[in-house]
Amino acid sequence: MPTPLDTVFAALADPTRRRILSMLLEDDMAVTDVAEPFEMSLAAISKHLAILANAGLIAQEKRGRVKWCKLEPDALKAASVWMQGFGQFEPVHLDAFERFLAAEFPDSSRND
């Protein structure tokens, strides 16, 4: 059974869904407005929205006859915390590492 983090990352794996989330950063949007820039059916967009809602990344509500979508930013918290764990490592600078090795082991750089 997938964990909530697995569900979030699975939802984020699709570029269409990431683009939808970017659009919702600006403001709440009606489903028809979300669908407008995409060259796919409203049913296809609705499936993407259902996946995002299932992951807790968006919420949907009916306002009159219109279904609206809004971003749920707290849903990304767990994913962000998980990813920040990888930020503790400094990036490896290969040139600097080579200079360090050459300085520490000057004889090993020769291929005799």
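The values are calculated or read from the model by the stated rules, or taken from the named source; none is laboratory data. Remember, predicted model here, so these are calculated numbers, not experimental data. Note that we place each Cβ from the backbone using ideal geometry, even for glycine, and neighbour counts take in every protein chain shown. Side chains included, ligands, DNA and RNA excluded: accessible areas come from the protein's heavy atoms. Shrake-Rupley method; radii C 1.70, N 1.55, O 1.52, S 1.80 Å.
Numbers for the structure displayed
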quantity: Condition check for residue 55: in contact with a Ser or Thr (Cβ under 7 Å, 6 or more places away or on another chain) and either modelled with pLDDT under 90 or surrounded by 11 or more Cβ atoms within 10 Å (Cβ to Cβ) (or both); calculated: yes
quantity: Residue 9 vs. criteria under 21 Å from residue 82 (Cβ atoms) and of a type outside the set (S, T, N, Q); calculated: yes
quantity: Residue among 19, 63, 99 that alone is open to solvent by 90 Å² or more (accessible area, probe 1.4 Å) and at pLDDT 95 or above; calculated: 19
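Residues checked against (1) within 26 Å of residue 5 (Cα to Cα); (2) surrounded by 12 or more Cβ atoms within 10 Å (Cβ to Cβ):
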site	(1), (2)
26	yes, no
31	yes, yes
44	yes, yes
67	no, yes
74	yes, no
